[in-house]
Each structure stands twice: as C-alpha cells, then as structure tokens.
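Below is one structure, written out as structure tokens; the observations come after it.
What follows draws every value from the coordinates through simple rules; no lab data is involved. Computed from a predicted structure; not experimentally measured.
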Amino acid sequence: MLSLPPKLRALLRLMRPRQWIKNAFVLAPLLFAGEFLHIGSVVNALGAVVLFCMASSAVYIVNDWRDVERDRQHPLKSKTRPLASGDVSQRAALRLLIVLGVLVSLGGLVMPKVGLVILTYVVINLTYTFWLKHEPVLDIFTIASGFVLRVYAGGMALDVPVSGWMFVTTLCLALYLASVKRRQELLQSGIDGRKVLEKYSVVLVERYAEMSATGALIFYSLFIMSEKPSMIMTIPVVLFGLFRYWYVVDMLEGGESPTDALFSDRQLQLVVIIWVSMCTWLLMVN
C-alpha cells in the first residue's frame, strides 16, 4: 500500500480495507458445516466474502459522503477520512461508488442468493446512515444485523442452513462489539462524537455489553455441548477472548473500532488463530 500513488492510496483508504476483516463472519458456515474440505465450497464462500467487501466499502463511501461536513469539524476524522481531509474529491468518490455498485450487481447475478442478502445489508445500512444512526438502541441492533447477515450470506453461498445457535450467538457477539464501541465513543469523544451519544450513558451501554457478552458465551456453550461436544475445549478459548477484549477496551483504551483492537493486540490475534485452528482440526477428525 505504501508504494501506491497518493491518489490511489487515498481511494483505497476511502474503502476502509482494515474493516474487511469483519467479513470473515461470512466464513462461519464454511467452518461449522465442515465444507472447508471441498474446493467448490471454499471458492463460493470466498466469492461471497469478496462481494461483501465491495458492498461494505460502498456503504462506507456513502456514510463518509453523508457526514463529510461533520467530519471536517472533528479533530481526528478531519485528518483520517479521505473526503473530509480533501485527499479524495467527491467526484472521484462517486466514480468509485459506481464501480463498486456495478461489480456487486454483477456478482449478485452470479450468486443470486448471496446477492439478495447483500442487497438487504445495503438497504439496512443506508437506512442507518440517513436515519437509524440517530436512534438509540436501534443503532446498536442495526450494526449487529450486519454481522448476522454476513453469516447468512455464507450459508447462502454454500446452500446450507444457518442454525439457530449460530444466529443467536452471532447476534449476541455483534451486540457486544457494538455496545463496547458506543461505550468507547462516549468515553473518548463524549456527546460530540455523534448525535446519538446524547441519548446514552456509559453505565447503560456497559450493561448492554455485559448482557450481550454473557449471552454470546452461553449460547455458544450450549451449541457446542448439544451439537458438537468434541469441540468443548474451544469454550475456554472463547471465554479468554472475551476477557482479553474487555481488557483491551478498559485498560488499553481500545474498542472504539473492534478491528483496530484486533490488529493492535497480539493476544487477541493469537486467540483467533488458536480458535480457528482448534475448530478446523476437531471438525476434521470427528
């Protein structure tokens, strides 16, 4: 990325490639359905990931366009957001948005079931950009819905059902991450960070986060013990990951961006690697 021309580098930043790590949720059905040993399934799942990367980047561009004037008044976003800083013109952003829209549309023709899920994701997120981001509680659930839809897209790509366990566990985990994000925004930027923060308190979003994390752990544990008992040793890994993430949030002041927290903490990265490795191995041998 450092060797790219400045304008191209700025366009890439506009697409927020660091956020693409969220699209790994698309691969969850590939893992738990045991389809990772089939080349065709892997190709389909990766295709869904690519489509979600382009769709989410398009949503980020619309969001930045919508908030450009507000971002210009923000001490950090005025420097880091390409539109707000002037590194990318609105015309160039529009061209990129059109290209991404065309590519996602073509991909949807190739994978129509995945395309329908992505269309739902785009509609919900556009509604979030123009309305729901200002509505307390609804904003958190809207953010969380994006992770659930990623999992469903993975299921559609493989033509396998997404279990109720996977749905509720993903929802709780996503609500946890979204609640922690709001908590950190309140602590680091106060109510000036975004309008909806005026309607929250740190204590309230901490309760949301704690309830969601507890739900994620309970539902994941029930899923493992009832459906895949051979994977019971992955439960302590998940528990440690939740503890470590909260430590990064509370003591290291991360968490406003879950992706930044993951990229900045070696132990969190190791937890993810160990969990994926354990799941893959245990599903292969059982």
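Data table
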quantity	calculated
Out-of-range pairs (alpha-carbon distance over 28 Å; input Lys181/Lys228; Lys77/Lys199; Lys22/Lys133; Lys113/Lys181; Lys77/Lys113; Lys22/Lys195)	Lys181/Lys228; Lys113/Lys181; Lys77/Lys113
Phi-based couplings in Hz for the stretch 72-81 (Karplus 6.51, -1.76, 1.60; Gly and Pro marked x)	5, 8, 8, x, 9, 5, 5, 9, 9, 7
Max mean-square fluctuation residue, GNM over the chain, Cα-Cα springs under 10 Å, options Leu204, Leu171, Leu51	Leu204
Whole-Hz ³J(HN,Hα) from phi, Karplus 6.51 cos²θ - 1.76 cosθ + 1.60, for the stretch 234-239, glycine and proline x	7, 5, x, 5, 5, 4
Length-normalised contact order for the stretch 1-161 - Cα pairs under 8 Å, 6+ apart - percent	34 percent
